[in-house]
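Taking it in order: structure first as structure tokens, then the write-up.
Read-outs throughout are calculated quantities, based only on the coordinates presented, and are distinct from any laboratory measurement. All of these numbers come straight from a predicted model, not from anything done at the bench. Here the Cβ is made from the backbone with ideal geometry for all residues, glycine too, and neighbour counts use every protein chain on show.
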Amino acid sequence: MQKPIVEIEFCTQCRWLLRAAWLAQELLTTFDTDLKSVNLVPSTGGILEVRCDGVLIFSRKAAGRFPESKELKQLIRDIIDPERSLGHSDTPVQGAGE
């Protein structure tokens, strides 16, 4: 099975390179052997979007905010290994314990 590729497309006009690079670092630290790569894609127009294997998983414009690293880790985990625990940065499953 091919390892997934994550792309973080960011606006250079808005100077979001550091934010995108930090998110990439967080993902590579968590999924160090599970991802083929995390690519930074320079763009313009206020964009900050994250894709996993070409599928949009987060859009700053659609959400009206920037993603949290915890949130991106959970979204990617749900795609590549839904059973994996992310430890302290994991969100409990809704409905658990009810």
ask   = Hey, what number do you get for the chain at 222 nm if only DSSP H runs of n ≥ 4 count, each worth -39500 (n - 2.57), divided across all residues, to the nearest 500?
value = -9000 deg cm²/dmol
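For the range 5-80, give the magnitude of the charge dipole about the Cα centre (Cβ charges: +1 Lys/Arg, -1 Asp/Glu; no others), in debye to the nearest 20. Please list the in-between numbers first.
On the way: 10 positive and 10 negative charges, 59 e Å.
I would put it at about 280 debye.
Mind listing which GluC sites (Glu not before Pro) in the range 1-81 are in a DSSP loop and have 14 or fewer other Cβ atoms within 10 Å?
On the way: sites: E7, E9, E26, E49, E68, E71; in loops: E68.
When the GluC sites (Glu not before Pro) of the range 1-81 are filtered for loop state and at most 14 Cβ neighbours within 10 Å, E68 remain.
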task = Please name whichever of I80, I5, L17 sits farthest to the positive end of the charge dipole of the range 5-80, dipole taken about the Cα centre and charges placed at Cβ: Lys and Arg +1, Asp and Glu -1.
result = L17
request  = Could you run the Karplus curve 6.51 cos²θ - 1.76 cosθ + 1.60 with θ = phi - 60° over the range 33-47 and give me ³J(HN,Hα) per residue in whole Hz, x for Gly and Pro?
outcome  = 10, 9, 10, 6, 6, 10, 9, 9, 10, x, 8, 9, x, x, 7
task = Sort by residue number and name the cysteines in the chain that have no neighbouring cysteine Cβ under 4.7 Å.
result = C52
